[in-house]
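> The structure is given below, and queries will be raised subsequently.
The values are calculated or read from the model by the stated rules, or taken from the named source; none is laboratory data. Here the structure is a predicted model, which is why all the values come from computation and not from measurement. Cβ placement follows ideal geometry from the backbone for every residue including glycine, while neighbour counts extend to all protein chains displayed. Ligands, DNA and RNA are excluded from the accessible area calculation, which covers all protein heavy atoms including side chains. Shrake-Rupley method; radii C 1.70, N 1.55, O 1.52, S 1.80 Å.
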Amino acid sequence: MFPEVRLRRLRRGKIRDLMRETTLSVDDLVQPIFVNENIDSPVEISSMPGIYNLPLSEVVKEAREIAELGIPAVILFGVPAFKDAEGSSSCGETDVVQEAIRRIKAELGDRLVVITDICMCEYTSHGHCGIIDFETKEVLNDPTLEILGKIAISHAKAGADMVAPSGMMDGMVDAIRQALDFSGFENIPIMSYAAKYHSCFYGPFREAAESGYSFGDRSTYQMDPANSDEALREVTLDVAEGADILMVKPALPYLDIIYRVKSEFGMPTAAYNVSGEYSMIKAAAANGWIDEKKAIYESLISIKRAGADFIITYFAKDAARMLK
């Protein structure tokens, strides 16, 4: 009798669970933390409800809560008290991220993987990700590489478990790998923001990290959203330079890129479920337009389904509670 194949037979009760192809686990999650030298108590980020800028005095408490939820890792972003054109507050021994790393590792040790963002935008007065030629308004690639190496070394010395360069400078992975290896940190892995697009979805992050740019934009060093093959070229270069993990950012508008990167290279692949993706769901849920928990789950499972091995997401704590 027609139809002979009835796929609905496999969608009932626990049979549906047996047939599930993709799973989401708390082990797949990384929670970002913003550490701000300019505040004495947590400050909620207006465009990211539920996410806070934290003073150094609160960072261990936050890290402990994350670890107790079973989330295996955090990624740190710092907001310094002092900014200048060279981002000089990015690589000192006692700068904000370095101090946060030490405090977290002293309290939690190996219970929590500490990843650090390696970029200059939070530390520069102009908000760009590198050294600027102010006559041409150009971000200078090669002079920036040396500074990125210094930042990575300072984070490794403080106790970071992994570094994640995000500035999309050509040659950044090789420069950081050489700097780490020369300084005795050959076992520190590099998670490269290998395919990072020039996206409007970063908007709320710029409020959180106080990293808005004072002129121009970042389209000369971040990728054109229209391009897909270019992402594979970017990733190929980072693999050749020694990247241990590849990242695609943002996640939801670029699921095809996640799929292509994972299929082409078969390497550990991360995706960054960015601030704008978080804020859209929060805003829609606050207006009663969608079910927040279902939207979180569906978004994150789609990123896993596309090929991501793990996801950096501001929903990590919410998702961990849901999954438990």
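> If you check Ala295 against the conditions, is it under 17 Å from Met48 (Cα atoms), touching a residue at least 12 places away in the same chain (Cβ under 8 Å) and assigned to a helix (DSSP H, G or I)?
On the way: under 17 Å from Met48 (Cα atoms): yes; touching a residue at least 12 places away in the same chain (Cβ under 8 Å): yes; assigned to a helix (DSSP H, G or I): yes.
So Ala295 passes the test.
> For the stretch 298-313, which residues satisfy the criterion of being among the hydroxyl-bearing types (Ser, Thr, Tyr), open to solvent by 10 Å² or more (accessible area, probe 1.4 Å) and not in a helix (DSSP H, G or I)?
Within the stretch 298-313, no residue meets the criteria.
> Moving on to the next point. Can Glu277 be described as open to solvent by less than 10 Å² (accessible area, probe 1.4 Å) and of a type in the set (Asp, Glu)?
Answer is yes for this residue.
> Does Ile51 satisfy the condition of being of a type in the set (A, V, I, L, M, F, W, C), surrounded by 12 or more Cβ atoms within 10 Å (Cβ to Cβ) and more than 28 Å from Ile153 (Cβ to Cβ)?
Yes, satisfied.
> Give me a count of the residues in the stretch 23-44 that are open to solvent by 30 Å² or more (accessible area, probe 1.4 Å) and either assigned to a loop (DSSP other than H, G, I, E, B) or under 13 Å from Ala208 (Cα atoms) (or both).
Final tally of qualifying residues: 10.
> Moving on. Answer yes if at least one residue in the stretch 205-219 is surrounded by fewer than 21 Cβ atoms within 10 Å (Cβ to Cβ), in contact with a helix residue (DSSP H, G or I) (Cβ under 7 Å, 6 or more places away or on another chain) and either in a helix (DSSP H, G or I) or modelled with pLDDT of 90 or more (or both), and no otherwise.
no
> State whether one or more residues within the stretch 139-155 are in a strand (DSSP E or B) and either closer than 22 Å to Pro72 by Cβ or without any contact (Cβ under 8 Å) to a residue 40 or more places away in the chain (or both).
Yes, the conditions are met somewhere in the stretch 139-155.
> Moving on. For the stretch 248-274, give me each residue that is touching an Asp or Glu at 6+ places or on another chain (Cβ under 7 Å) and either open to solvent by less than 50 Å² (accessible area, probe 1.4 Å) or within 19 Å of His198 (Cα to Cα) (or both). Step through it out loud before you land on a result.
Of the stretch 248-274, the ones touching an Asp or Glu at 6+ places or on another chain (Cβ under 7 Å) are 250-252, 268-270.
Hits for the stretch 248-274 are Pro250, Ala251, Leu252, Thr269, Ala270.
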